[in-house]
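Q: Take this structure, written in structure tokens, and hold onto it; I'll ask about it next.
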Amino acid sequence: MTSTPSTHTGRPARSGPPSHRPIARVRAGLRRRPGGPARGAAVLLCVVLLLAVGPTAGWADGVHVIPVDGPVLRGYDPPAKKWRAGHRGVDLGGIVDDVVHAAADGTVTFVGTINGVRMLTVTHEGGLRTTYQPVAATVAQGDHVMAGQQIGTLLAGHCPGQACLHLGLKRGDEYLDPLAWINGGGSGGDVSLLPADAALHDVLPAWWVERLRRAAADAGGKAPGWPADGPVTSPFSNRINPILGTSELHDGLDIGASCGSPVRAAWAGTVSYAAPMSGFGNRVEVDHGEMEGRHRSSSYNHLADESVGLVHVGDHVEAGQVIAYVGTTGLSTGCHLHFSVYLDGSAVDPAPYLP
């Protein structure tokens with residue numbers, strides 16, 4: 001369950017959208033959805049021009065874009081009093097690992113975890129701040145970003161039943177409507193083109209339901225993925241424990257992934273354990289039920305403290321869903337994931353069960 005630190009050079013990075021996407025502007029015509037043809041203007045785009053009433057006071061100039069390409073699942077609904085319950089942002093539909101884009105030019109001023117949720121903040125001209133959660137950041141605090149630039153990838157956990165991005169907008173301690181800001185652009189600034197259905201829906205738009213269906217079909221048709229990105233630094237075998245100096249069965253694979261990188265469920269299942277365990281540090285176990293005629297479960301060990309609270313016992317997780325982050329807790333000589341597979345309760349070599 002231990003390994004020496006290793007350079008993160010393992011498996012090829014998964015393919016995904018580029019770090020920048022075209023920014024739609026008022027004069028730019030139709031915006032194409034990533035990976036698909038342009039749709040009719042009445043279906044795809046609506047340009048909100050606030051000429052009659054003028055731009056919202058205090059909005060910074062510049063290009064503003066929607067951070068993810070999905071429908072509004074829950075709209076901005078601020079409370080009547082600051083201390084009361086409300087919805088101080090918008091929830092935008094997405095799929096796990098979707099690229100998250102900066103809504104406008106700015107500087108990354110926070111990357112971290114709050115209450116178990118990974119998030120980041122970008123501060124824009126005029127002191128406005130956008131917040132993005134749950135997101136695995138691909139930028140660092142202090143980085144300058146452009147509107148439409150990739151700043152992270154979407155994680156599961158915020159919306160029930162599907163992934164979504166919670167986008168917030170603040171000026172000081174005041175919460176503002178992110179979509180009004182994106183629509184309004186700014187005095188003299190470019191106005192982004194929003195999907196015509198960028199509004200709260202009682203029924204999800206057909207194009208989005210179809211995208212969810214295709215994503216689920218693609219995931220179901222693929223072989224299980226590796227739980228972390230990195231080389232195998234210690235196989236399933238008998239060995240001398242590098243910390244204790246005792247002979248033991250190393251009952252899993254050590255994958256030399258970098259600290260803070262995502263840990264994914266190897267197969268769909270139900271979380272059966274999520275807590276520290278002696279020697280293994282922070283640990284998550286997932287029960288996959290019967291697979292290929294035997295009961296299968298898996299464990300993920302030495303997880304970062306930021307993993308605590310990301311999943312809970314009883315949660316259903318999908319294959320490939322981020323359930324934790326790589327760390328070096330417990331008896332560990334460096335950042336890595338100790339991954340184990342159990343058939344009918346007994347540890348087996350995980351390698352034959354992974355692609």
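Q: Out of all the residues in region 124-157, which are farther than 24 Å from residue 264 by Cβ and open to solvent by less than 40 Å² (accessible area, probe 1.4 Å)?
A: 124, 127, 128, 130, 131, 145, 147, 148, 149 - these are the residues of region 124-157 that are farther than 24 Å from residue 264 by Cβ and open to solvent by less than 40 Å² (accessible area, probe 1.4 Å).
Q: Of the numbered conditions (1) open to solvent by 40 Å² or more (accessible area, probe 1.4 Å); (2) part of a loop (DSSP other than H, G, I, E, B); (3) of a type in the set (Phe, Trp, Tyr), residue 273 satisfies every one except a single condition; which is it?
A: Condition not satisfied by residue 273: (2).
Q: Test residue 86 against the stated conditions and say whether it is open to solvent by less than 50 Å² (accessible area, probe 1.4 Å) and modelled with pLDDT under 85. So that I can check it myself, show each step before the final result.
A: On the way: open to solvent by less than 50 Å² (accessible area, probe 1.4 Å): yes; modelled with pLDDT under 85: yes.
So residue 86 fits the description; yes.
Q: Also: Looking at 289, 279, 260 in this structure, which one is open to solvent by less than 40 Å² (accessible area, probe 1.4 Å), on the phi > 0 side of the Ramachandran plot and not in a loop (DSSP other than H, G, I, E, B)? So that I can check it myself, show each step before the final result.
A: Details: 279 fails: not in a loop (DSSP other than H, G, I, E, B); 260 fails: not in a loop (DSSP other than H, G, I, E, B).
Checking each option against the conditions leaves just 289.
Here's the yes/no breakdown for (1) part of a loop (DSSP other than H, G, I, E, B); (2) over 16 Å from the mean Cα position of the chain (by Cα); (3) modelled with pLDDT of 85 or more:
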| site | (1), (2), (3) |
| --- | --- |
| 51 | yes, yes, no |
| 57 | yes, yes, no |
| 64 | yes, yes, yes |
| 82 | yes, yes, no |
| 92 | no, no, yes |
| 103 | yes, yes, yes |
| 108 | no, yes, yes |
| 120 | no, no, yes |
| 131 | no, no, yes |
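Q: I've got another one for you. Looking only at region 294-307, which residues are of a type in the set (Gly, Ala, Ser) and over 17 Å from residue 354 (Cα atoms)?
A: Matches in region 294-307: 304, 307.
Q: Something else now. Would you mind stating whether residue 73 is outside any loop (DSSP other than H, G, I, E, B), within 20 Å of residue 183 (Cβ to Cβ) and modelled with pLDDT under 85?
A: Considered against the rule, which asks whether it is outside any loop (DSSP other than H, G, I, E, B), within 20 Å of residue 183 (Cβ to Cβ) and modelled with pLDDT under 85, residue 73 comes out as yes.
Q: For region 290-312, which positions are within 20 Å of the chain's Cα centre (by Cα) and not charged (D, E, K, R)?
A: Across region 290-312, the qualifying residues are 300, 303, 304, 307, 308, 309, 310, 311, 312.
Q: Any residue in region 235-258 that's among the hydroxyl-bearing types (Ser, Thr, Tyr): show its pairings with residues that are part of a loop (DSSP other than H, G, I, E, B) at Cβ separation under 7 Å, as long as the two are six or more apart or on different chains.
A: That search, which allows pairs on different chains as well, returns 258/8; 258/335.
Q: Enumerate the pairs (first residue in region 313-324 and within 8 Å of residue 268 (Cα to Cα); second residue anywhere and hydroxyl-bearing (Ser, Thr, Tyr)) with beta-carbon separation below 9 Å, excluding pairs fewer than 6 apart on the same chain, so at least 6 apart or on different chains.
A: The qualifying pairs are 316/270; 317/270.
Q: While we're looking at this one, here's another question. At pLDDT below 90, within 24 Å of the chain's Cα centre (by Cα) and among the polar types (S, T, N, Q) - does that describe any residue in region 274-289? Let's see the steps before the verdict.
A: To start, the set of residues in region 274-289 that are at pLDDT below 90 comprises 278-279.
Pick out the ones that are also within 24 Å of the chain's Cα centre (by Cα) and you get none.
No - not one qualifying residue is present in region 274-289.
The values are calculated or read from the model by the stated rules, or taken from the named source; none is laboratory data. If you're wondering where the values come from, they're calculated on a predicted model, not measured in any experiment. Cβ atoms come from the backbone with ideal geometry, glycine included; neighbour counts cover every protein chain shown. These area figures cover heavy atoms from the full protein model, side chains too; ligands, DNA and RNA do not enter into them. Shrake-Rupley method; radii C 1.70, N 1.55, O 1.52, S 1.80 Å.
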